[in-house]
Amino acid sequence: MFKYILKRSLLLIPVLLGVSFAVFLIMRVFSADPSVGEGAAGKYANEEQRQAWRDSHGLNDPIPKQFFLFVKGAVTGDLGKSYKTKLPVLEEILARLPATIELAIASTLISSVLGIIIGVISSIKKNTIIDNLAMIFVSFGISIPMFWFAIMLIIIFSGQLHLFPSGDVIDQSLIVESITGFYSIDTLLTGNFEAFFDFLRHLTLPSIALGLHSMAVVARMTRSSMLDTLNQDYIRTARAKGLSEKKVITNHALRNALIPVITIIGLQLGGLLGGAVLTETVFSWPGIGKYTVESILNSDFPVVQAVVLFVAVIFVITNLVVDVLYVVLDPRIKFTKKGAV
Amino acid sequence: MKIFKKTTSFMLSLFLLFTVFFCGCFNKSNENGGTEKKDSKSETLTIAMTAEPRTLNVPKMEDSTSSFINYNVFETLVDYDKDLKLRPRLATRWAVSEDGLVYTFDLREGVSFSDGTSFNAEAVKKNAERMLANKEECAFCEVIFEGLKKITVDGEHKISFHLDKKCAFFVKKMAICAFSIVSPKSFEGKDINDTNLKQSGTGPYTLAQTGTGFVKLISRENYWGGKPLIKTLIFKSMPESTSREVALKNNEVDIIEGVDVNSIEKLEKEFTVKKTVCVSSHYIALNCDNIENPEIRKAIFQMINIPEMVKTISKGTTPHIKQFLPEIIIPFSNVIKYPEFNLENAKDASEAIKKLKKELKILAVSSSGSFGGGRVLAEKVQAYLEAAGIKTKIELVDWKTYQTKTKGEGRDFDICFGGWICDFMDPHNFYSIFSEKNMDLNYPGFKNAKFEELLEKGVTTFDENERKDIYSNAEDVLATECPILPLYSAPAFAAFSKNVKDFVTTPTGSCDFYKVSKTKD
């Protein structure tokens, strides 16, 4: 297995180079000139000053040379500085990453648990009113625009019922000592339970908004996978052995049915770790999704390149973890010399 | 199998630990690790902003959000009162030499920075030198110190700026936020881009904590103007307007800025909604390279019913403006007349327009702005022109692309929209954007010898009455030559709880929070 992990890790190199180059090229060919306007050469800058700014940022160099310098910097941990804030990009991303990770994990937990429960119930109650209602709910989850759903959650649960806050990651009047940057961990480590529960309250609505779509996908996948598994011969054998229906479902059917579901959950988590633009914007969640969009609009090349590289790494690692999880869930799958079977 | 489970669990744990450690190493958001766990609600004022500050590094400031926050931490030499007249801040008096080349400021005594060091003339000089040494990093450096020959410290609390040419508005430029005075102890020996800079100012508040999406300020006991009434100020970024409104209703925040015009009526039932007309001008610009004849430009403007258009897009909250220079600076709309809506007159010229261009290209910004942004304006203008028989095409682009397409030689439009929020309260700062020396801000590409001459004269004329005449003539050139047509001064709406007292924003967009108080619920 270690050889397999090593091989997959080595595959990261061409993937990351390819992704970086594609983004590098697209940004330079199609984006507006970053030297124009506020935050770059300045709003009073004339063409000569803008040219000097482009020179000093290497933007007048040939693209291959620019790319080589970017890769060289990235390998040594230097992803450059943001044109807008002039701060190191790595520092900016890592300041926002904890918020994104916390939101992604929370919404994945919600979507996985609910999605699997709904999918299983729907499959064992196939073609009943429960199944139909569940599938209507799932269709609602898939088709509803996330932006609208997020605003509705705010209006109903925050504006009308006053159950949850409307946005932000924590009540900023609460003083939280930063140790790791993760509010959930820091509040627990410092024994600041008031802040911990306040953080959970802030986390609830964005997690639900973000998790709804994933939950619907997971539920549909679980249902179809369960239906397929429940028709297998070994399930009939298990029932014939006199095992209780509960044991048949949980020990025999669900475990096998979960294999494709895990792939979906892994991919969803990978996607969410790259930042959820709309949810983060609506809930004023200070993650990397919102930051990336702002950077694209500002033609902030170093930030966009770094974020894409970062997200690609996260995505590939998540996929690797998912592949390894396959082995845990399905004993028939082994890693051979040629890789996974 | 068990080995695989263990390995997987181990890998996951390692990944989680690594992420936590990695982020923890780089996280610098908190500088306040006391035993106190919560700021008292009645002593805390939370303000929801539409955007995050771009930088709190004073000389590099360019955006209004950064200035709004820093205004309470750092102070300039002079400032404006509510009528936009100069008032003392860190300078108590100022004088201009007879030849108009030396500007001397008497500085306030007994003022200290929040790091304990004293404010004096040397500190002012060091701040100016820091900006001058980092011209390319400080967008306002050349604007503020244009023509500066030398700076002399004439005493512990007296400083003079020597220019090589007269500048009638040099003192006004001393109110630009980017030249707020920072304690030299904070930056001496450090790079201007040093991320660990902890800047100290002379203002009523001091920077306590910054994080992604929020900034926290704490009041200073020994502020020279008296102790602020509110202990903690929290500025948080909430870009979505619905979220801001719900946050205000839920008592999560006390003040929200950027209130949507559609929500004003609803919010007024529970909260105080305040309108501030910023010192700004929005206008329609015609590309003078493509439409060279002023008569044709005039005819195009006569096809657009500006009062009706502004009333519609602003839902009746804002009137149209009759002159480009905000009337609060100098009013002369009674003598200057821009083309008014007159379809009959305009129709006579429509054939000439069609001959010149089969289709007029309207360039606008796609993202939202005041009153729905450029798209709404473009569609309204298109409707008026099409009604007059002129074919048009709208091109919507992002802000960066818009700036590229409206600059210099690469201007790619027939009609576009511009807006100018002044950096200092002088007519020159408004009119100079249409100077041919400033083609990067001159959207219409306007070139006029008389206009240039008037601008030059305005810089060196100190007499206020003479200056009034000069700029009245400059406005008249704009009204006659028609490169632009004024639209409106963008208002800013803020809503706040009834228990917040004395929240006043100035036309420059700043707010002295040290005068604001909050009663208990």
Taking the protein assembly as shown, the equivalent ellipsoid from its C-alpha gyration tensor has semi-axes in Å, biggest first, of 53, 33, 27
In this structure, among B:K357/B:K400; B:K322/B:K437; A:K84/B:K227, pairs with alpha-carbon gaps over 30 Å are A:K84/B:K227
For peptide A:177-186, the mean count of other chain Cβ atoms within 10 Å per residue Cβ is 6
Of the residues A:P260, B:C177, A:V75, the Cα lying farthest along the dipole of the protein assembly as shown towards its positive end, which is defined by charges on the beta carbon of Lys, Arg, Asp and Glu, belongs to A:P260
Expressed as a whole number, the average count of other chain Cβ atoms within 10 Å around the Cβ atoms of A:160-169 is 6
Computed for segment A:95-340: size of charge dipole around the Cα centre, +1 on C-beta of each Lys and Arg, -1 on C-beta of each Asp and Glu, debye to nearest 20, value 1540 debye
Projected onto the charge dipole of the protein assembly as shown (unit charges on the beta-carbon of Lys, Arg, Asp and Glu, signs +1, +1, -1, -1), the Cα from A:I142, A:L272, A:L230 with the largest positive-side position is that of A:L230
For chain B, the charge dipole (Cβ of Lys, Arg +1; Cβ of Asp, Glu -1; about the Cα centre) points to a positive end, and the Cα of B:T506, B:I159, B:V96 closest to that extreme belongs to B:T506
Quick calc, segment A:211-317, dipole around Cα centre from Cβ unit charges on Lys, Arg (+) and Asp, Glu (-), nearest 20 debye, gives 760 debye
Among beta bridges assigned by DSSP with both residues in the protein assembly as shown, the antiparallel ones amount in percent, to the nearest 5, to 80 percent
So, relative contact order of chain A in percent, Cα under 8 Å, 6 or more apart, is 26 percent
Checking rank on B:240-250, B:179-189, with mean other Cβ inside 10 Å and highest first, the result is B:240-250, B:179-189
Ranked output for segments B:264-273, B:441-450, B:43-52 by mean other Cβ atoms within 10 Å, highest leading, reads B:43-52, B:441-450, B:264-273
Partner lysines whose C-alpha sits under 17 Å from that of B:K185, ignoring same-chain residues fewer than 8 away, are B:K125, B:K126, B:K198
Partner shielding of A:42-53, as the mean number of partner chain Cβ atoms within 10 Å, equals 5
To the nearest 20 debye, the protein assembly as shown has a Cα-centred charge dipole, built from +1 on Lys and Arg Cβ and -1 on Asp and Glu Cβ, of 3900 debye
When A:R239, B:R87, A:R50 are ranked with the fewest other C-beta atoms within 10 Å first, the list becomes B:R87, A:R239, A:R50
In the structure shown, of B:K249/B:K269; B:K231/B:K275; B:K82/B:K515, the pairs separated by more than 18 angstrom at the C-alpha atoms are B:K231/B:K275
Karplus ³J(HN,Hα) for segment B:249-258 (6.51 cos²θ - 1.76 cosθ + 1.60, θ = phi - 60°; Hz, whole; x = Gly/Pro) runs 5, 7, 6, 6, 10, 9, 9, 10, 9, x
Against the 2.2 N^0.38 Å rule of thumb, the C-alpha Rg of chain B sits at a ratio of 1.09
Any residue on another chain or 5+ positions along whose placed amide H is under 5 Å from the amide H of B:L487 is listed here as B:H282, B:Y283, B:I284, B:I321
Semi-axes of segment A:95-340 from the Cα gyration tensor (sqrt of 5 times each eigenvalue, largest first, whole Å) come to 36, 23, 18
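Here, each number is a calculation from the coordinates, and none is a lab measurement. Values in this document were obtained by computation on a predicted structure and should not be read as measured data. Cβ sites come from the backbone with ideal geometry, for glycine too, and all protein chains shown count toward neighbours.
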